[in-house]
Every structure is written in structure tokens, then in C-alpha cells.
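Written out below as C-alpha cells is the structure these notes cover.
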Amino acid sequence: AARRRGAGGGAGAETQVGNDLGSPEPLRWLLRSPFDRNVPVQLELQELLLDHVFQRLGVSSQGCVDHPIVLTEAVCNPLYSRQMMSELLFECYQVPKVSYGVDSLYSFYHNRRQSWPCSGLVISSGYQCTHILPVLEGRLDAKNCKRINLGGCQAAVYLQRLLQLKYPGHFAAITLSRMEEILHEHSYIAEDYTEELQKWRCPEYYENNVHKMQLPFSNKLLGSTVASEEKQEKRQQQLRRLQELNARRREEKLQLDQERLDRLLYVQELLEDGQMDQFHKALVELNMDSAEELQSYINKLSLSVEQTKQKILQSEVNIEVDVVDSKPETPDLDPLGSEQSLEDVESINEFEPLFAEEQPEVEKPVAAVQPVFNLAEYHQLFLGTERIRAPEIVFQPSLIGEDQAGIAETMQYVLERYSKEQQALLVQNVFLTGGNTMYPGLKARIQKELLEMRPFQSSFQVHLASSPVLDAWYGARDWAVEHTSREEGWITRKDYEEKGGEYLKEHCASNVYVPIRLPKQAPRAAEAAAPSRASGTGNPSEQA
């Protein structure tokens, strides 16, 4: 979720959730999540997300959500987190009943075939964590579950760092969203990481397997350079237009002033001719009081008309001078006249080689050579070894400096905690699920690791979920449809009020419920009697 500010600062702010945000990159620093890795810890944001979900689902009941809820939770979820979630659902939304389950176990039971055993080893790798979950006889063995704090998020961040170091000029364009897209579409798991790196050292292998990703760019940023002659020509055209515009304005002003001056001179002629009545009427029309004022206006207009005429003449002279100066100067090719004899010309030709080095060379105009620069190729990312280095961190966390074991080591550690018979039973159904298991080559890599750790000529089976991202939802749907009319796995409001929010009813895809065990307190009567007995008997050292 992200809270956008309104137009007036904090006024009119609105909170957007999920896909309503559009591109997350401009809001990367405003994004807030209720989860700490895969455990919800901020219930205010969780309530906001549930409001969004119920609104989009079209829940129309007033004041409550009158529907049973199936909710996934983390493996070995803390009791406090489940308690707060149950409190939110029962107290805020008034739901009738709730069931909690583990997403990877829902996916495991959704993909289980008739021929598959009920036991298996579930490898679930998601956005933040990777889990190794042993399932024995249809139930999760929570004591031997292991978690690796690495997932798709860390792989995307690692890929982003690799490409930003490789292409520092495109630092801002290498965003986390694009890195996730590269992970989904271009990355793969190497069956043998060291051997695959040796292959990438071969130029032919590199050329055949490198992927090119085109970054967005604009031609306006680095437009084609305009020659200096073209720029000079444009400036001259603009100057010529300004000169023409000023000349037109001066002519219009001169015409208006000339008309006013002619009218004032006509009124002055009336005064000279002795036509006083018409003269006074003309003064009233001109809003003047006396002949002196008329004379002063005539003098001002005459001066203005004369100045405008001089400006027009001066501008015409300047234009003519510019035109003359713009013509190339042609040197006089015959300064000595045509009276030179043929012998003089031959003598000059004889001495020409002697003075050739001293004559200054005339600079020839050199055509502007523009460099050949492909802007599209400059904005391309070449994905070579980065395709295998980013997803490899799940098997080798030391690549990013994490002091953790990889999937293969953790899987071997979990198997060694069981007897040989149980180990053989678990490896017959190694199940891969989660969005971070969709890399090509992951199944072959797990088979190779199992082949190395299992005894000679032992058998094992590795299965991949049909839809690693959505099978958890499909499994939860199937479970809900089968158990709608049953009480198995459902926590009712009565159970919540009697046993607390951390209470869990176990089922085939749930965690194991471990109730809170508080230390027993001694009765107050026994506590009061113990000091009295101690004070009456025993030596002082025992009393102390």
C-alpha cells in the first residue's frame, strides 16, 4: 500500500492498494507492507488490505463479513501473529469461522496424485523465504522444518547490483521491477554452476546464448547535431524577420503621425485665414484650449515624424550593408594589369617553387563529419552470466555474503534427522512449489543434488507443481469446498472466545498447534505455610 498526497499537500490524501498503484517505481520509497518477510506484523495495514479485498470481492453484508475465511500463514507462525489476525477477523469483521493453513501444503495436496505417497519433502521457495518441509503420513513434521531467508526478492536485488555495476550509465533505468521481469523471463538454474561459468568464457557460446534487453530511450535527448552553417542561417532568418517587423511598425506609426500632423496643420491654416468660428470648433473637437497648445502639438508631431523617417532610412542602409558583407570577397586576380608580357609570366613561374613553402595555405571548409552513434544499441543490456548468477544464491547464499546454508545442504541436513527407512520414503516425493521454483533447470539441479547425497543405486522422485504460483490458492479452495459442512479445521467464534486468538485447529495442511504453557504458581496457602515451617525447624544455614 502507498499513501498519495493530495493536491493541497496533506489534504485529500488517499491510500492505494495493490494493482491500483500502477507502476511501483515512482512510489518505491512510499510503499508500506504489513509483512515482515512472510509474517504479518502491522495490523493497521492488514486491515486496510482486507478492506480492499472484501470490497473487490463484492461482499455486500452490512457491518460484517458473513462468510467463512480460509487464510494462509507462515510455517511455524508465531502465536502472537495468529492471535492478532484472529482478533481482527472476529472482532472487526465478525466472520463466522476461520481456518489457517500453510500455502505450500495446500499446493502439495492439490498436486498429489493417486500414485503418490502421503509422505514427501516439500521445497517451497517464495518472494522472501525458502522452506524445507518434511511431511510424514499426511502431517507436517514441524520440529524438523527449516527456513532459508532467501527468495526472489534477494535474487532481484542481487541482479540489480550486478547490472548497475556493469552499466553505470543506466543506473536509474535498472529498476527493481525490470530485474524481476528479467528473472522471470531470462534466468535459469545451472545444473553445474562452475561448469556453466566455464562455458560462458567461450566467445561462441556467449554470442549464441547472450540475451539483449532494450531499455526505453528518447531521440530528443541526443538529437542530431545541427551544423554551424544551418544555425547561422536560422539566426539570420530570425534577424531578418525582426527587422521586417520593426520596419512595418515604423511605417504604420509614421502614417498615423503624418495623418494627425496634416489635420493639425489644416486647423492652423484656418487660423491664418481668419476663419475663427471653424477654428474654435476644430479646437473643441481636438480637446485643445488655445492656439499655443496647437502649435506645441504640431512641433512635437513634426519632430516625431522626422525621427521616424530617419530610423527607416537607417534600417534600410543597415540591411544593404549586411547583404553586401555577406557576399564572399573575390580577390583581384590581375593586380599588375594586362600589360604583362609572356616572358614576365614565365619568370614568375620559375620562382614559384621557391616561395611555395612561405605562402600561407588557404583553409578549406571541412564538412562536419558526424560520428556514427546508434542510440538504441547504447541503451541495451547484455545478459550473460547474470542469467545464472542471480538465481544461484538459493544454492550458494555466500555469493551475496549471507552466512546461511543453501537448499542442497539444508535438504541433506533435514534428511539426516530421520532413519534410513523414513529418508527413502521422503525422497520418493520431493515436491517443488512457489514462484521462485519456476526457473528452467531447477528440477534437474535438485535431481543432481539428490543423486550426490543419496546412497548408490537408491531411487528418488522430484515433482514440480503444475502452477507453482497459484496452486496454493487452488489447494485452499479444494480444502474449503470439501470441509464446508465439517467442523474439522475450522475455528468458530466460540472457540475464539473460549481458547484465545492463538488457538489453532489442525488439519492436513495446517501448522502444528503448540499452546502457550505458563509456569504453574504455588497456592497462596502453601506459600504462607512454607516460611512458618522453615522458621521453626532446621539449622540457621538451611533456613538461609
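The values are calculated or read from the model by the stated rules, or taken from the named source; none is laboratory data. Computed from a predicted model, the values in this text were never measured in an experiment. For neighbour counting, all protein chains shown are included, and Cβ atoms are generated from backbone atoms with ideal geometry for every residue, glycine included. Only protein heavy atoms, including side chains, enter the accessible area calculation; ligands, DNA and RNA are left aside. Shrake-Rupley method; radii C 1.70, N 1.55, O 1.52, S 1.80 Å.
Assorted remarks:
- The lysines whose alpha-carbon is closer than 22 Å to the alpha-carbon of Lys146, local same-chain residues fewer than 8 away aside, are Lys420, Lys443, Lys448.
- Calculated FRET efficiency for the pair Gln236/Met288, C-beta based, R₀ 60 Å, to 0.05: 0.80
- Under 10 Å, Cβ to Cβ, from Cys153 - net charge with Lys/Arg +1 and Asp/Glu -1: 0
- Sulfur and carbon atoms: percent of accessible area, region 80-224 [1.4 Å]: 49
- Note on surface exposure: Arg82, Arg477, Arg201 rank Arg201, Arg477, Arg82 by accessible area, highest first, 1.4 Å probe.
- Radius 15 Å from Cβ of Pro134, net charge of other residues (Lys, Arg +1; Asp, Glu -1): +2
- Partners for Lys494 among lysines (Cα-Cα distance below 22 Å; same-chain residues under 8 apart left out): Lys97, Lys505
- Region 229-317, relative contact order [Cα under 8 Å, separation at least 6], %: 40
- Stretchable slack from Ser33 to Asn246, in nm (0.36 nm times residue separation minus alpha-carbon distance): 70.2 nm
- Projecting label points 7 angstrom from Cα along Cα→Cβ for Glu204 and Asp51 puts them 6.4 nm apart.
- Most tightly packed first, judged by the mean number of other beta-carbon atoms within 10 Å of their residues, the peptides 67-79, 479-491, 432-444 read 432-444, 67-79, 479-491.
- Total formal charge among the other residues, if their Cβ is under 13 angstrom from that of Leu176, Lys/Arg +1 and Asp/Glu -1: 0
- Note that region 229-317 presents 79 Å² accessible area per residue, ligands and nucleic acids not counted, probe 1.4 Å.
- The simple spin-label model puts a point 7 Å past each Cα toward its Cβ; for Leu451 and Asn149 those points are separated by 3.5 nm.
- Partners of Lys231 within straight-line reach, counting lysines whose Cα lies under 30 Å from its Cα and excluding those fewer than 8 residues away in the same chain: Lys220, Lys311, Lys327, Lys364.
- Computed from label points 7 Å out along Cα-Cβ, the spacing between Glu316 and Leu399 is 8.3 nm.
- Protein accessible area in region 229-317, 1.4 Å probe - carbon and sulfur %: 48
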